[in-house]
Every structure is written in C-alpha cells, then in structure tokens.
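Every read-out reported here was derived from the displayed coordinates using simple, explicitly stated rules and does not represent laboratory data. Small disclaimer: the values here were computed from a predicted structure and weren't measured. So basically every Cβ, Gly included, is an ideal-geometry build from the backbone, and we count neighbours across all protein chains shown.
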Amino acid sequence: MVESSEWRSRRGWTTAVYALVAVAALLLLVLDRPGSRPSVLDDIRAHTGDWAAPVMSAVSAPIRGLRSIFGGASDYWAAVDENRELRQEIAQLNQWRDLALSLRDKVRAYESILDIPGVDAADPIGAWSVADASGPFVHARLIDAGWDRGVREGHPVLTERGLVGRVVVVGHNSARVLLLTDLNSRIPVMTEDGEARALLTGDNSSAPRLEFVNRDAVLEEDERIVTSGDGGLLPRGLPVGQAAPASGDAWRVRLYSSGDPVDMVWVYPYDPIMTPEENPVPQSERLIESAEREARAEAARLAGEAAAESVEAEAAAEEEQGETAGTGAANAQQAGQGG
C-alpha cells in the first residue's frame, strides 16, 4: 500500500509538471504573436540578449583561439608540403629550361650552317577577354586590343596553356576571337612529330574533331597536337591539345585551354606567307636583270680565261728560265773542260 501511494504521488507531480509546461508553451505561443506581444517580453528578450552576448563571447573566445591555433598549424604544414612540391617542380623546370636553351642554340647553329632563315617571333600583345553574347558565333570572345595595338585578322590567340582561337574581326580598340570549339572553326593541325596531319573542326563541344587524317598516319592516345602551318593560316608548332579516341575510328582533341577561364590572353602577331602575284616584276625589269646576269657571267668567263692565260704565261716563263739556266751550265762545263 505504501508503494502504491508513493507511485501515485509521483505520478501526480509528473502530471502537474507536464500540465504547467504545456500551459506555459501555450501562453508563449499566444503572447509571441506580433499583434498581441506585450512590450514586457520584448524588453526581457532584449535585456537577456544583452546579458548573454558578452557571456557567450567570453565562453567562445577560448574555443576560437584553439580553433585558430589548430587551423594555423594545419595551414603551416600544408604550406610546408606545398613549398616542398614547388621546389621539386622548380628543379624539374630548370632541367627543362636548360634542355630548351641547348636545343635552341643547336637549332640556330643548324640554321646558320644550312643558311635557313628563322621565324621572327614578334612580341605578344596582352589583352583581357570577355564573352561575346551579341556576335554571330556561338563560341567567341571579345578582347580589349585592336588595330591600334597591332592586332590583325588571322592572328593566333593563346592562353598560358595553349591556343584558344584566332582573330576574325578587328576594330580600332577591340577584336573578336573565334574559339577552336566553335562550329565555324577550321584549323590545320598535326602531331608533334609531323607524321599525322588533319583538320581540327569545331562542333560547339569542348573537344573538337579531327577530320581528314591522312590514311597512313597512326595516332596514339594523349599524343600532342600542334598547328601545322599548312595554308599559312597559323604559324607552325603552336600547342593545341592531346589526341583522344572517340566512337569508331574517329578522333577528338582535348584542348589544353579547355576547362580554364579564358580571361587573360596573348595575341601573337604573325605575317602569313602570301601567294605570289601574277606579274610580280615588269617585263622591262626582267630584261634588265637578264642582261645583268649575262654580263656578270661574261665577265666571270673573261676573268677565268685571263687567269688561265696568266698561269700559262707564268709556266712558260719558268720553263724558259729553266732552259736558259741549263744551257748556261752546259756552256760553262764545256769551257772548263777546254781549259
């Protein structure tokens, strides 16, 4: 009986507490309405917030300090690892730089020996690019450099990774660049060793197609693709991307510039090889040049004959001197014997 009375007493207290909590919650819901909220509650809330703010700030300060310490230590070790990786990359880049300088000097020596004119690399023109929303092309950019800075139609445009397109329209202070991915883009390319040649055709996708690949060419995945310079459209050797197999026997190119924002670009001035005109030299100048060539040839022939005659005369004089010397020696010998 005692246990039953205690259990009933506890149950009564629990029910009373639940009832008080429920009543308090209902009162708060009713009183917290914007229209019926008493100003006392707002004052209590404001004072409570003013009192709790410095307390919470003081309590959270050590936590923020510990978090800052651990975060700083983590950043420090991350910086140490990044610094180590950068040092390794710098060492590798120094090796590539030395190799590039050595190859450059070797190429210059070969060009000097073979008397081959080198390609003059003009200074690139830096420019910022923005999207071209109002132009006739789907994939195009506008750059803030134009005719006044030396930009001309057909000039290649590159980022730090590789070729992105070429200039198609030039204004005084701006120009429009047709990207390699646009449907209207056609660029002659080749593999780095020059064995495979093709036409890089844009189709509004991130990886343009390789079309008209020569039949005897053997392409390999991830093989470097560069501009071929065929047709004089672009200079030879500009980096484009890597070969990637597609469906069937088709091939595409993963552009080096794909995936990165095209913000800062460089325009490389390039003078293509022009086709010869129909009558580059007037007939009168041709006759004069032909007469000059014949005169130079005749002068060279006469000079050769004169040199040959001079050599023959010198040889005859030496022979005559030898005969005279021999005759004198013989006469002297006979005179000595007679005496």
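Length gained on full extension, ARG152 to GLU298: 47.8 nm, using 0.36 nm per residue less the C-alpha separation. Could you compute the net charge surrounding ALA297? Neighbours are other residues with a C-beta less than 14 Å from the C-beta of ALA297; K and R count +1, D and E count -1. Here the count lands on -2. Note on GLU309 and LEU101: the model spin-label points, each 7 Å out from Cα along the C-beta direction, lie 6.0 nm apart. Scanning residues 5 or more positions from VAL262 or on other chains, none has an amide H under 5 Å from its amide H, with H placed 1.01 Å from N in the peptide plane.
The amide H of GLY146, built 1.01 Å from its N in the peptide plane, has VAL151, SER174 as neighbours under 5 Å, considering only residues 5 or more places off or on other chains. Taking 19 Å as the cut-off, the amide N atoms of region 247-261 that come nearer than this to a point 7 Å along the Cα-to-beta-carbon line of GLU221 belong to 247-256.
Here's how it looks for ARG252: its modeled amide H is under 5 Å from those of LEU210, ALA244, ALA246, which are all 5 or more places away or on a different chain. On the principal axes of its alpha-carbon atoms, region 124-267 has extents of 46, 26, 23 Å, going from largest to smallest.
Per 0.36 nm of contour for each residue apart, how much would the distance between ASP144 and LEU20 grow if the chain were fully extended, relative to their Cα-Cα spacing?
On the way: separation 124, 0.36 × 124 = 44.64 nm, distance 7.34 nm.
Contour length minus the Cα-Cα distance gives 37.3 nm.
Given a Förster distance of 25 angstrom, what is the FRET efficiency for ILE273 paired with ALA109, based on the Cβ-Cβ distance and rounded to 0.05? Don't skip to the end; give the middle numbers.
Values: r = 25 Å, r/R0 = 0.99.
So the FRET efficiency works out to roughly 0.50.
Once the piece of chain linking TRP13 and ALA58 is laid out straight, how much longer is it, given 0.36 nm per residue of separation minus the C-alpha distance between them? Before the final figure, lay out each step's value.
Details: separation 45, 0.36 × 45 = 16.20 nm, distance 3.85 nm.
Using 0.36 nm per residue and subtracting the Cα-Cα distance, I get 12.4 nm.
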